[in-house]
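Enquirer: Okay, handing you the structure first.
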Amino acid sequence: MSAESTPDPAIPGPGGSRADGSRRRSKGRRRKPRARRRRALLVMAWTAAGIVVLGGTGAGVLYFKLNGNLTSVDIDQVLGADRPEKADDGSENILVLGSDTRSGGNKQLGGGTDDGSARSDTAMVVHVHKGHKKASVVSIPRDTLVDRPECTGTDGGEHPAATDVMFNSAYSTGGAACAVKTVETLSGLRMDHYLEVDFSGFQQLVDDLGGVEVTTTEDIRDPDSHLDLKAGTHRLDGEQSLGLVRTRHGVGDGSDLGRIQLQQAFVKALLQQVRDIGLLGNPKKLYDIADTATKTVTTDSDLGSVNSLMSFASGLKGIGPTGMHMITMPVVYDPADGNRVLVEEVKARQVWDALRNDRPIPAGVTQDTATGGAEGVVSGS
């Protein structure tokens, strides 16, 4: 599997990590990054927003059409009982992944692909706090070296555990179930739900919404992602939005970590757009959004119907951009290979422990970790 990489920083980031200096890799010549659609994240809140309302319109035919759009995978069946315990305090954890495709093997048990073409390069753990008024979101960089557990693949076969492999290899190896198991092993948190977004539909979703308004504090130009924005306020259409969430060369240090910061800012702007457009008063727009969205997502089996999504989304309606705290999992650059990052174990454990106990993520937990240098470049207007 080919993958883009985090560029080698001038000085590796400080802090404790799994790296002990004994790992040796050839630094060689870095691979030239290739433009590829980036995945933007946390769509479940606005994906389901239209579905929540649609159930009360009495449009039975449309309801069943939307229900037929949905694809789901039975994560619980694949993973069995050897998992972290469910929280009993009313909080929930959702793993949100972005993928290239949901064709072929993505329709089979465990997700993934049957042709080797799917990638999952955006991953977010969304913790919905008790009361469902606030959420904490932790992005996991795809270049993070992790120990991947033994997992069941798309074809039902077993894949052996692997040490020091890129985080996003879990999905390409064993699909959705392997990705969930890897995240649960990494965090110690039970993933209550799974949502996979195919960004073949991302551009259309943004266009259905009428675009998303953002403000940039500097010029952003990246020919690879066909993006050319002057500093200022812009209403981005679907193509421009796709360019923004996939760019890595136009801002910051050119890394995937910087792109994560752009994606997080775009998600907040997107949520604000959903709250502002008044879907209730525009049935056609409501249906267009719901139709595109249900074709674009794959869920776990518990969310695999419009009724289930309606119920789930109803519990998220109180979470707006200001109620969402987003960070990147604390990481440092690998001293042996600047194209990779390592978990900053002490600080990452603080993050996961806080979420396990349904507490806010500690302030300053990402201080002195690798970040990407793109914070504040993009914001909602």
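The values are calculated or read from the model by the stated rules, or taken from the named source; none is laboratory data. What you see is a predicted model; the values in this text were computed from it and never measured. Every residue, glycine as well, gets a Cβ built from its backbone with ideal geometry; the counts of neighbours run over all protein chains shown. With ligands, DNA and RNA removed, areas are computed over all heavy atoms of the protein, side chains included. Shrake-Rupley method; radii C 1.70, N 1.55, O 1.52, S 1.80 Å.
Enquirer: Just to be sure I understand the filter: pairs with C-beta atoms under 8 Å, separated by 6 or more residues or on different chains, first member in the stretch 313-331 and in a strand (DSSP E or B), second member open to solvent by 40 Å² or more (accessible area, probe 1.4 Å) and at pLDDT 80 or above. Which pairs pass?
Expert: Matching pairs, first to second residue: M324/K134; M324/K268; H325/K134; H325/P360; M326/K268; I327/T366; T328/T366; T328/T371.
Enquirer: Let me ask something else. Residues in the stretch 340-354 that are open to solvent by less than 20 Å² (accessible area, probe 1.4 Å) and at pLDDT 95 or above: how many? Walk me through it before giving the result.
Expert: As a first pass, look at the stretch 340-354 and keep what is open to solvent by less than 20 Å² (accessible area, probe 1.4 Å): 341-344, 348, 351-352, 354.
If we keep only those that are at pLDDT 95 or above as well, we get 342-344, 348, 351-352, 354.
Number of matching residues: 7.
Enquirer: Which one of these does K284 not meet: (1) assigned to a helix (DSSP H, G or I); (2) among the basic types (K, R); (3) at pLDDT 80 or above?
Expert: Looking at each condition in turn, K284 falls short on (3).
Enquirer: Can you name the residue in the stretch 346-366 that is part of a loop (DSSP other than H, G, I, E, B) and touching a Pro at 6+ places or on another chain (Cβ under 9 Å) and is also nearest to T217 (Cα to Cα) among such residues? Please lay out each step first, then the result.
Expert: Looking only at the stretch 346-366, we keep the residues that are part of a loop (DSSP other than H, G, I, E, B), and these are 357-366.
With touching a Pro at 6+ places or on another chain (Cβ under 9 Å) added as a condition, the list becomes 365-366.
Values: V365: 25, T366: 23 Å.
For the stretch 346-366, the residue satisfying everything is T366.
Enquirer: Residues being in a helix (DSSP H, G or I) and crowded, with 24+ Cβ neighbours inside 10 Å: count how many of those fall in the stretch 184-201.
Expert: From the stretch 184-201, those in a helix (DSSP H, G or I) are 184-187; that's our starting set.
If we keep only those that are crowded, with 24+ Cβ neighbours inside 10 Å as well, we get 187.
Qualifying residue count, the stretch 184-201: 1.
Conditions (1) surrounded by fewer than 23 Cβ atoms within 10 Å (Cβ to Cβ); (2) more than 17 Å from the chain's Cα centre (by Cα); (3) of a type in the set (S, T, N, Q), marked per residue:
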position: Y287; (1), (2), (3): yes, yes, no
position: T299; (1), (2), (3): no, no, yes
position: G320; (1), (2), (3): yes, yes, no
position: M329; (1), (2), (3): no, no, no
position: Y333; (1), (2), (3): no, yes, no
position: G338; (1), (2), (3): yes, yes, no
position: R356; (1), (2), (3): yes, yes, no
position: R359; (1), (2), (3): yes, yes, no
position: D368; (1), (2), (3): yes, yes, no
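Enquirer: Those residues that are crowded, with 17+ Cβ neighbours inside 10 Å and not β-branched (V, I, T), I need them from the stretch 305-318; list them, please.
Expert: Of everything in the stretch 305-318, those that are crowded, with 17+ Cβ neighbours inside 10 Å and not β-branched (V, I, T) turn out to be S308, L309, M310, F312, A313, L316.
Enquirer: Name the residues in the stretch 260-281 that are of a type in the set (V, I, T) and either at pLDDT below 80 or more than 26 Å from N69 (Cα to Cα) (or both), would you?
Expert: Applying the first criterion (of a type in the set (V, I, T)) to the stretch 260-281 yields 260, 267, 274, 277.
Scanning the stretch 260-281 gives I260, V274, I277.
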